[in-house]
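The structure appears right after this line, and notes come after that.
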Amino acid sequence: MITPKNRQALSKAMAICSTSEKCIFDIQKKLDAWEISPANAQEIIEQLIEEKFIDEERFTRYYVRDKFRFNKWGKQKLTYMLKGKRIPEKIIKKELAAINLDEYNNMLLKLIQEKACKVKFKNEFDKKSKLIRFAQGRGFEYDAINKAISLIE
C-alpha cells in the first residue's frame, strides 16, 4: 500500500536515479536511512526496476567503464567493489569481459611506467616489489603486472 511517506520516498528515489546510475543496494541504503519498512522498500525498488530507473546491468556497465577509465582500477578491484554493492557475479563477469584487453594492458603499463619514475628504491628487487604492490592496490592481476614490469625493464 502506497502511503504519502512511501510516495515521497519513491519520488526522491526516482530523482536520485534520474541524475546518476544507481544499483539496488544504493537505493536500499537510502530507503533504510529514510526509515522505510523493508516491505515498502521492496515495493518501491520493484517499481523503480519496472520503470527502468534501476537496471543492474546498465549500472555495472557504467561503473566498470568509469572506474576503469578515470580511477584506473583493475579487474580485481572492480570485482571487489561491485560485490560490495551486491551485484550478481554473472553481471560482473559479463561487464569485465567487455573491457578491451589491449586498453587494459596499456593502462597498466602506463601506470607502472609513471610510478617507476617516482618511486624511491634501494635495488631492483625493492623497485619491483614496490611496483607490484602499487599495481595490486589498483586491482590489477599479478600475471598482468609481471608482464608489464618485464616490458619496462
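Relative contact order, percent, of the chain when contacts are C-alpha pairs under 8 Å separated by at least 6 residues? Numbers along the way, then the final one.
On the way: 116 pairs, mean separation 33.0, N = 153.
Taking the mean separation of contacting Cα pairs over the length of the chain, I get 22 percent.
Within the chain, which is the longest segment containing none of the trypsin sites (Lys or Arg not before Pro) that sit in a DSSP loop and have at most 12 other Cβ atoms within 10 Å?
That would be 1-51.
Can you sort Val119, Val64 so the residue with the fewest Cβ neighbours within 10 Å comes first?
Val119, Val64
With 10 angstrom as the radius, rank Trp73, Trp34 by how many other C-beta atoms surround their C-beta, starting from the fewest.
Trp34, Trp73
How far is helix 75-84 tilted off the main Cα axis of the chain, in degrees rounded to 10, range 0 to 90?
30 degrees
Just to verify a number: FRET efficiency for Thr19 and Ala97, C-beta to C-beta distance, R0 = 30 Å, to 0.05?
With R0 = 30 Å, the Cβ-Cβ based efficiency is 0.55.
Helix 56-69 versus the longest principal axis of the chain: what is the Cα-based angle in degrees, 0 to 90, to the nearest 10?
So the inclination is approximately 30 degrees.
Fully extended, how many nm does the chain gain between Ala33 and Gln113 (0.36 nm per residue separation, minus their Cα-Cα distance)?
In short, 24.4 nm is gained.
Rule-based calculations on the coordinates, nothing more; no lab input. Everything quoted here is computed from the prediction, not taken from an experiment. Ideal geometry is used to build each Cβ from the backbone, glycine not excepted, and the neighbour counts take in all protein chains shown.
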